[in-house]
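Here is the structure we will look at, set down as C-alpha cells.
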Amino acid sequence: GSAYFSIYDESGFISLNSPQKEWLTRFLMLVCCSLEKSKELIDKLQDYTDVDDFHRLNGAESYHYAQKKLEPPANTPLASRFHAKKIIGWQDARSLWANTSAIDSLSAARLSIINVNTATKVTLMAALEITGEQAQAIIDARTERPFQNISELQPRTKIVLQNNTELINFMPSTNLRVLFWYKGARLNQQISVRLSNLASRGSPWLIASDISLALPGHYVKTQPIKPQTGLFD
C-alpha cells in the first residue's frame, strides 16, 4: 500500500558505545569540532558511560551534573545516539546536532567493526582514515558489486589501507536500523533491533530503541524502489 520501509546495517555507522574512540574522534573532527574539542567530548562521553568515579582530564562526573542541576550520568552504554544530548558538552555541540546526515551516521549499537559495504561516506573516512574522494570511490565500486573481502579493495579502488584492517567487515552485523514511513509523511519511525539467539523461544530480535524523527529530505524526493526479491511478494 502506501507504507514504506528501509533497513540499514548498524555496522555501517560510527558507534558511540564502541571502544574504538579514535574513530569517533576523527568523525567529530570531520563534521563539527577541532581536535581539542573532540577529545573533550570523548572524555565526557566516557565519564558518562563508565561505572567508576574517575574524573578524566576533560570529563564530567556526577557532581558536575549536580552543580548544573542536570540528570546524573547513566553509567551505562547509551541506549540511543540521541541519548548523547544528555551529556555535558555534547548538548552544546549545536553544529553536530544540526547536521542531520552526521547524526544519522552515529549509532548506539555495541559494535567494534565497520561494514565497508554499508558504511556511510563519513564513516568510511573516519574509520579507514581516508579522504572523501577515496570514500566515494569505495561507494561507487560497491554499488556495482559488493566487496567480498579486503583483497578486493585495492585492485578495484586503487586504495591501500594502512590501519584498522582487522576491524573492517564485509557482511551485515546482527544490529539493524529499520525505518518506517508512508507516502506524504513528514515523520518516520526508526527502530534499532538486534537479532537474538532466542528465536526458538519466540524472541528472534530485541528492540534497543524506538523513536520518531523528521523524514530525511531525499526520502521525500525519491520514490522508493520495490526490492527485486520474492521475499516481499
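Of note:
- Among [x] 1.08; [y] 1.96; [z] 0.95, the entry that matches Cα Rg over 2.2 N^0.38 Å as calculated here: [x]
- Axis angle, to the nearest 10 degrees, between helix 35-49 and the longest C-alpha principal axis of the chain: 80 degrees.
- Cα gyration tensor shape of the range 76-127, rounded if a/c is under 1.5, else prolate or oblate by comparing a/b with b/c: oblate
- Helical contribution to [θ] at 222 nm, DSSP H n ≥ 4, -39,500 (n - 2.57), averaged over the chain, rounded to 500: -8500 deg cm²/dmol
- A compact globular protein would have a Cα radius of gyration near 2.2 N^0.38 Å; the ratio found for the range 46-171 is 1.32.
- Exceeding the 22 Å Cα-Cα cut-off - candidates LYS85/LYS221; LYS37/LYS86; LYS21/LYS85; LYS86/LYS183: LYS85/LYS221; LYS86/LYS183
- Taking all Cα pairs closer than 8 Å and separated by 6 or more residues, the relative contact order of the chain comes to 23 percent.
- Loop-located trypsin sites (Lys or Arg not before Pro) across the range 30-95 with a Cβ neighbour count of 12 or fewer within 10 Å are LYS68, LYS69, with loop assigned by DSSP.
- Sparse-neighbour loop sites [chymotrypsin sites (Phe, Trp or Tyr not before Pro); the range 1-64; at most 14 other C-beta within 10 Å; DSSP]: PHE54
- Relative contact order of the range 129-229, defined on C-alpha pairs under 8 angstrom at six or more residues apart (%): 16 percent
- Of the residues LEU176, GLN189, ALA84, the one whose Cα sits farthest towards the positive end of the charge dipole of the chain is GLN189 (charges of +1 on Lys and Arg Cβ, -1 on Asp and Glu Cβ, taken about the Cα centre).
- Within the same chain, lysines fewer than 8 places from LYS158 are excluded, and of the rest, those with a Cα less than 27 Å from its Cα are LYS121.
- Of the solvent-accessible surface of the chain, computed with a 1.4 Å probe over protein heavy atoms with every protein chain present, carbon and sulfur atoms account for 55 percent.
- Magnitude of the charge dipole for the chain, about its Cα centre and with charges confined to Cβ atoms of Lys, Arg (+1) and Asp, Glu (-1), is about 660 debye.
- Sparse-neighbour loop sites [trypsin sites (Lys or Arg not before Pro); the range 120-167; at most 15 other C-beta within 10 Å; DSSP]: LYS158
- Cβ-placed point charges (K, R +1; D, E -1), dipole of the range 9-125 about Cα centre in debye, nearest 20: 320 debye
- Difference of contour (0.36 nm per residue) and Cα-Cα distance, TRP97 to SER196: 32.5 nm
- Ignoring aspartates and glutamates fewer than eight residues from LYS44 along the same chain, the ones with Cα atoms less than 20 angstrom from its Cα are GLU22, GLU36, ASP52, ASP53, GLU61, GLU71, ASP92.
The values are calculated or read from the model by the stated rules, or taken from the named source; none is laboratory data. From a predicted model like this one, the values you see are computed outputs, not experimental measurements. Don't worry about glycine lacking a Cβ; one is built from the backbone with ideal geometry, like all the others, and counts go over all protein chains shown. Note: areas computed on protein heavy atoms with side chains; ligands, DNA, RNA excluded. Shrake-Rupley method; radii C 1.70, N 1.55, O 1.52, S 1.80 Å.
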